[in-house]
Structures are given as C-alpha cells and as structure tokens.
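Data block below; observations after.
The values are calculated or read from the model by the stated rules, or taken from the named source; none is laboratory data. Since the structure is predicted, the reported quantities are computational estimates derived from the model, not experimental observations. Positions of Cβ are generated from backbone atoms using ideal geometry, with glycine treated the same way; all protein chains shown enter the neighbour counts.
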Amino acid sequence: MTSVGLLGAAASGGDLFVAQNVFFGVIAVVMIVSAIRCVTTRNVVHAALWLVLVLAGAAAQFILLGSEFVAVTQVLVYIGAIIVLFLFGIMLTTASMGDDDSVGGEKRLMAGLVAVLLGVVMGIALIDSYSDTRVVIDEPQRFGAVSDAIFSQYIVAFEAVSVLLLAALIGAIVVARKE
Amino acid sequence: MILNQFLLLAAILFCIGVYGVLARRNGIMVLMSVEIILNSVNINLVAFGAFRDHVAGEVFALFVIAVAAAEVGIGLAIVLLIYRNRRSIDLTEADLLKG
C-alpha cells in the first residue's frame, strides 16, 4: 500500500530528507542525554531544568512530524505550566533547595537491569516490525482537521477529559488544603 | 524519514523513564520520570499519526497531555501531603499500608 509513496520518496525526495534527518539526530541526542541527566542528577532543581530540555526536544520532534498544534500545546502545557508546578513542589518540599541524597542504593542496579532489558526487547521488536517503513509528510496537519476531529468524532472523550481536569483541580485543592 | 527512528527514540526515552521511576526515591523525581514516559508515548502516537496520515494520533496525544496535567496536579498535592505529615518525601518511608 505504501510502496508507491515509498518509491516516490526514495526517487524524488531521497536527499530532500537529509536536513530533517540531521535535525532529528541532533535533537534526539540532546533529548536522550538530558533524560539520562534528569533521572540521575543529585539536585532536584537541576533535574527539573533537564526535564525542560527533554520536553522542548519532544516539541521539536512533533514539528518534524508535521503536527505543529501538538508541539505548541506541548510548549504551553508542559514547559509553561507543569514545570512551574514541579518547581513550586520542589520549593515547598525540599528544605535546602534541591540536594537529594537518595540517589543510588541497591535499587539502582536492578532498575538499570530492568531498563536495559526492556530497551533490548522493545528495540528488537521495533526493528523486526518497522525496519523499512517510511514516514512521508507531504504537508503539515492543519489545525482545522485536528479540531474538527476533536469536536465531532471524539467529542465524548473531550468532555470526559474536561470533567477529569475539573475533578483533578478540585481534588488537588481538597488534598493539599490545610485543615 | 524512517518511522523507526521516532519509535526507537521513544523506546529509549521510555526505558530512561522506567529507570527513573524504579531507582529514585524522591517523590517529585518519580513524577518527573513519569512525565518522560508519557512524552515518549506521545512521540509514538504522533509518529504513527503522521505515518497513517490520520488525525487520531494527534488527538490522542492532546488527550494524553491533558491527562498528564491532571496527574501532575494530583501527584504533587499527594507528595505535599506526605511531606506535611512526615517531613520527608522519601517514598520508601511511605509504607503505612504495609501490613
């Protein structure tokens, strides 16, 4: 089914995608290094700032995939709101602004083992299934198509998510309130 | 672009997030690792949406972002409550339900 598009991409746009691949590689390396630093660094504030790099890299990948609406939402919601929430949480719960001496211990070895094993299994499965599948992005997804889908086909899920957000807001206030 | 490059990046990020959830004992660090996991899932969803040329991937990525926002709000409230009661957010000490 995709063989025609694949051949077309290979014939006409084979080197058209070089720039995209270079950008993908650079952003992917930045994301992976930042994610590793985020889960291993001792200082919790630094971890939150490394997390910003991971989230911004994900937004850049969304733009590479042609879905700019998700990228904008990612920047607004994650980098704009969730990171601020994390920083407030760190300030409210950590006395000396960050140092976390709980890194390491005996759990680190097992956790690393589980992560590497999971990575090997998923990598083998992905390479086995999708090794020669190409993504051809002719034009970016327009805002209109996405919002049409949200407000027609997925309207029930959309309403459920809005009720969920309201419930989470009220729940957070009730849980964190002083007596 | 090959679809697999996005999927493999998402898999690597997922594994890093799993490592963080398992290895860290600080409650806030566990929540941050969960955010990394959710982001890797979003990359998968958008990549498959672009591959199929269908908006469903993006729509579900947006839903995942909304649910993640709710999750962080509740999670940080719970961590705050644990800190207020025990003066520590070490999750290995939060074992009141253990018999």
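Can you find a residue in the range B:78-92 that is at the interface with another protein chain (Cβ under 7 Å from one of its Cβ atoms) and under 10 Å from the mean Cα position of the chain (by Cα)?
First, the residues of the range B:78-92 that are at the interface with another protein chain (Cβ under 7 Å from one of its Cβ atoms): B:78-81, B:83, B:89-90.
Still in the list and also under 10 Å from the mean Cα position of the chain (by Cα): none.
No, because not a single residue in the range B:78-92 is at the interface with another protein chain (Cβ under 7 Å from one of its Cβ atoms) and under 10 Å from the mean Cα position of the chain (by Cα).
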Practice item. Select from the range B:50-64 the residues that are surrounded by 21 or more Cβ atoms within 10 Å (Cβ to Cβ) and facing another protein chain (nearest Cβ under 7 Å) and list them in ascending order. Key: B:50, B:51, B:55, B:58, B:59, B:61, B:62
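Taking the stated definitions as given, is residue B:43 surrounded by fewer than 23 Cβ atoms within 10 Å (Cβ to Cβ), of a type in the set (A, V, I, L, M, F, W, C) and more than 18 Å from residue A:41 (Cα to Cα)?
No.
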Point to revise | Evaluation of residue A:74 against (1) free of Cβ contacts under 8 Å to residues at least 24 places away in the same chain; (2) under 16 Å from residue A:35 (Cα atoms); (3) surrounded by 21 or more Cβ atoms within 10 Å (Cβ to Cβ) (one fails), failing number | key: (2)
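Results for (1) modelled with pLDDT under 95; (2) buried (at least 24 other Cβ atoms within 10 Å of the Cβ); (3) under 16 Å from residue A:122 (Cβ atoms), shown as yes or no for each residue.
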residue: B:1; (1), (2), (3): yes, no, no
residue: B:11; (1), (2), (3): no, no, yes
residue: B:20; (1), (2), (3): yes, yes, no
residue: B:23; (1), (2), (3): yes, yes, no
Practice item. Go over the candidates B:58, B:93, B:71, B:35 one by one and state the one that is of a type in the set (Asp, Glu) and outside any helix (DSSP H, G or I). Key: B:93
